[in-house]
1. Can you list the lysines whose alpha carbon sits under 30 Å from that of Lys66, skipping same-chain ones fewer than 8 residues off?
2. Run the quick spin-label model on Arg111 and Leu38: label points 7 Å from Cα toward the beta carbon, then report their separation in nm to one decimal.
3. If packing is taken as the average number of other Cβ atoms within 10 Å across a peptide's residues, how do 67-74, 5-12 rank, most packed first?
4. What is the distance, in nm, between label points placed 7 Å from the Cα along the Cα-to-Cβ direction at Leu83 and at Lys127?
5. Please arrange Met82, Met18, Met119 by how many other C-beta atoms lie within 10 Å of their C-beta, fewest to most.
6. What does the extension gain come out to for Leu20 and Lys104, with contour length at 0.36 nm per residue minus their alpha carbon separation?
7. Sort Lys3, Lys104 by Cβ crowding within 10 Å, fewest neighbours at the top.
8. Which helices pass in the chain if a helix is a full DSSP H run, must span at least 20 angstrom along its long axis by Cα, and must have mean Kyte-Doolittle hydropathy not below 1.6?
Amino acid sequence: MKKVSLFIKIVLFINVLMTLALVAAFFLPHVSPEKFGLLSLLSLFVPLVIFANVFFVLFWVLAGFKKFFLISLITLLTGYFMLPQIYKFATPDTMPPSPEKSLKLLTYNVRKFNQLNWMKTKDVDKKIDSFITKLSPDIVALLEYFYFDFFFFF
């Protein structure tokens, strides 16, 4: 066996850490985020951890350390079968419902109905009303809505 340099030892240590992170990621679907909140944060980094392990497989093969590449390769092959538990891909069964069965939501910034005359257009409130009526949404959320009650001051 050839003598291993300090650089290779450091890379091997990082490889083992990334492999352990990937193994921990395999168990994420079965871990409650309430009990292990920090572990659930790992789910954000799963693609990076997978990429790092693929990198280590290539690195060890190209560097000539045939035994070390097995660490990441075996973990990646095992994880390939567990990947559908971590990431769900759309199938015809899981597709959203057709537009007839869906809920139409409209959010619209009415910009105070042009009370401060930002636009030179007149009757902005009527145009917004006709636009909303034309779309016929089920739910309407108006942003920057302005209502002036004259009797509020008396």
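1. Lys2, Lys3, Lys9
2. 4.9
3. Order by mean packing, descending: 67-74, 5-12.
4. Using points 7 Å along Cα→Cβ, the separation is 5.0 nm.
5. The fewest-first ordering by Cβ neighbours comes to Met119, Met82, Met18.
6. Computed gain between Leu20 and Lys104 is 25.8 nm.
7. The most exposed by this proxy come first: Lys3, Lys104.
8. 6-26, 46-63, 69-86
Each reported figure results from applying straightforward, stated rules to the coordinates on display, with no laboratory input. Predicted, not measured: the structure shown is a model, and the values here were computed from it. Neighbour counts are summed over all protein chains in view; Cβ atoms, including those assigned to glycine, are modelled from backbone coordinates with ideal geometry.
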